[in-house]
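Just below is one structure, and these are the notes that go with it.
The values are calculated or read from the model by the stated rules, or taken from the named source; none is laboratory data. Quick caveat: nothing in here was measured; it's all calculated off a predicted structure. Cβ atoms come from the backbone with ideal geometry, glycine included; neighbour counts cover every protein chain shown. For the accessible areas, the whole protein counts, side chains as well, though only heavy atoms, and no ligand, DNA or RNA atoms are used. Shrake-Rupley method; radii C 1.70, N 1.55, O 1.52, S 1.80 Å.
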Amino acid sequence: MTMISRLGYFPNKEINISPNKINSTKNITIVIPVKDNQKGIDNFLTAFFKTHTEDNFPREIIIVDNNSKNPLLISDTFPIPVRIISCNKEGPGSARNMGVSEVKTEWILFTDSDCIPTAKMLEGYLECTDEAIGFAGNVKSYKKDFLSRYYETQEILIPPHIHLDKQDFPNYLVTANCLVYKQAFEKVKGFNEEIKIAGGEDIDLGFKLLSIGKLVFAHNSIVFHNFEFSIFDFKKRFLRYGKGNKIISRLYNIDLSPKPFKPNKKNLINYILAYLQYFFLKKGYNN
């Protein structure tokens, strides 16, 4: 995921795909790219099968092992198919494309191995009344330390809101929690595999989808993100997001250079973190 400017980007509409409203979780396949995060996958699956029942199971969960040093393992059996496949190409975009190539349902739910599902993860999408080719789900922080609270209040994993016709729409999708119509995904040729980092590939997908259909928010679909309590991870995250901004700037000829900003929740710690976020974004963007 890459955090971009809150200024909207509006591609020209080439066509307008409008699928029927999704009406069953059985028409969803979950795709998760993973690299060196066995614990995250174990936590995800444990939480998923604690919070979901046969009434709201997806068709399948596909885990894509993207060059982990130690191959991922599934240590349990589950009431639905849970598969691990391998992707040797570098980058989460390539891994997700590989996962989608195995999908047999009309809808794909993308999430990450750092996410913890809730009971509303899938059913929240069914509650949407809008017809769209992509839905931006809700992401909250799993922990309550000051870094996790900052990530949540800054909506780091929520796409920017675009206000049109008295309604808010996402300007792109964030793959921590989003639902995509498979036919539309294939129409835009999926993720750009030239983007090798976890930054910018989901924005690029969202922009391409906007050229052929509508994206809407699905606020009732909720996952928790298990952020690391680490300033080093904070630095790496925003350096990567800055690099992702630069990639998208070049691809779409738009200015996404970081600008100074104030935190959404104003306190001393958040002002310091906002400055550091801007500093690392700028450094990543300029390198």
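One line per residue, one yes/no per condition, for (1) buried (at least 17 other Cβ atoms within 10 Å of the Cβ); (2) among the hydroxyl-bearing types (Ser, Thr, Tyr):
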{"position": "10", "(1), (2)": "no, no"}
{"position": "34", "(1), (2)": "yes, no"}
{"position": "48", "(1), (2)": "yes, no"}
{"position": "51", "(1), (2)": "no, yes"}
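Quick one: which strands (runs of 3 or more DSSP E) lie wholly within the stretch 151-224 and hold at least 3 residues that are at pLDDT below 95 and open to solvent by 10 Å² or more (accessible area, probe 1.4 Å)? Once the strands (runs of 3 or more DSSP E) in the stretch 151-224 are filtered for at least 3 residues that are at pLDDT below 95 and open to solvent by 10 Å² or more (accessible area, probe 1.4 Å), what remains is 161-164, 167-170. Of all the residues in the stretch 255-274, those that are in contact (Cβ under 8 Å) with a residue 12 or more places away in the chain and either polar (S, T, N, Q) or exposed (fewer than 15 other Cβ atoms within 10 Å of the Cβ) (or both) number 10. Residue-level check: of (1) in contact (Cβ under 8 Å) with a residue 24 or more places away in the chain; (2) surrounded by 15 or more Cβ atoms within 10 Å (Cβ to Cβ); (3) on the phi < 0 side of the Ramachandran plot, residue 130 misses just (2).
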